[in-house]
Each structure stands twice: as C-alpha cells, then as structure tokens.
Amino acid sequence: MTRGFQVRGLGEIAIRCNDLAPMVAFYEEILGLERMTGGTRDRIVFFRIAEGFGGHTAVLALFDKALSRNPGPHPTEPDRPETGAKSSLHHIALSLPFAEQEAVMAWYEAKGLNYRVELFDWTGWRGVFTEDPEGNTVELVAKDPDWSGPS
C-alpha cells in the first residue's frame, strides 16, 4: 500500500501556557503577530502566521494550561507544563525576509530582550533567537539572498 498523502504545510503550533497574558503580549506586541478574532473560546488565543495551505491559515495557538485536557491520544495532568530546556518543544521558527532581521535585532535591543544570532552555512539561513515569557525559544529565520551554496 502506498501512503497516498503528502504534508504540504504547517497548520498550527499550540503552546500550553502557565500565564496566558504575558505570552499573548509577547507574540502580539513583541513579534507583531496578528490576533485572530471570532469563534475562539476564553483562554485560547490564535495568531495568524501566514496564509498556509489549502485554506487553512498557519497559526500559533496559545492555550491556558487549565484547558490542556487530552490534546492528543494521551491524557495530560493540570500540572505546570514544562518549558525551556525541560520541554519536548525545542523551538519555534517563524520566517521573515532577511533584510528585516536587522530590525528584529534593533527591536529586541529596544525592548531589553536578550537574543543570539546563528548562521546555518549549509542552508544559507540566519536565525535570530530569543525566548518568550515562559522560556520557549523563538527563532526568526531567513535565507540570505546572497547565499550561493555550502562553503
């Protein structure tokens, strides 16, 4: 039997939050993601990332930890979710144009956020990494338009 399907895009990233308000403020005010309206419940906030594929907008969803009952095939406890190095989430990478990364770094500096820059020579990508209020690593990544292949 053949698989019969091919994934074509990322639909959603969902994060369980210990404290929803500062997380919403970070993704809305620091990163500038557009909050989606209509049809959402209390203690869940959706942000538009990009158009996505097949009519499903690519989104970031922030869930109050109290709502994280049974997000998949395994039950969860209402205990504090693990974040940072103890989390199974390594990082979130969001794309933007390479030319805007300088503005990202200036913005982070103006907001007093620590960040680091990492170059990925094998792909031509450059990532600007910071952390959200709960310790999740967030990367804003772009491809260098002058990249001509691995050195």
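Summary table below
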| quantity | calculated |
| --- | --- |
| Sorted peptide list for 24-31, 109-116, 141-148, criterion being average Cβ within 10 angstrom, highest first | 24-31, 141-148, 109-116 |
| Difference of contour (0.36 nm per residue) and Cα-Cα distance, Leu67 to Glu28 | 11.9 nm |
| Stretch gain in nm, segment Leu89-Ile44, where the contour uses 0.36 nm per residue and the Cα spacing is subtracted | 14.3 nm |
| Selection of trypsin sites (Lys or Arg not before Pro), the stretch 25-66, meeting DSSP coil and at most 11 other Cβ within 10 Å | Arg41 |
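Since every read-out is calculated from the coordinates, none of them should be taken as a lab result. All values derive from a computational prediction rather than experimental measurement. Cβ: placed from backbone, ideal geometry, glycine included. Neighbour counts: every protein chain shown.
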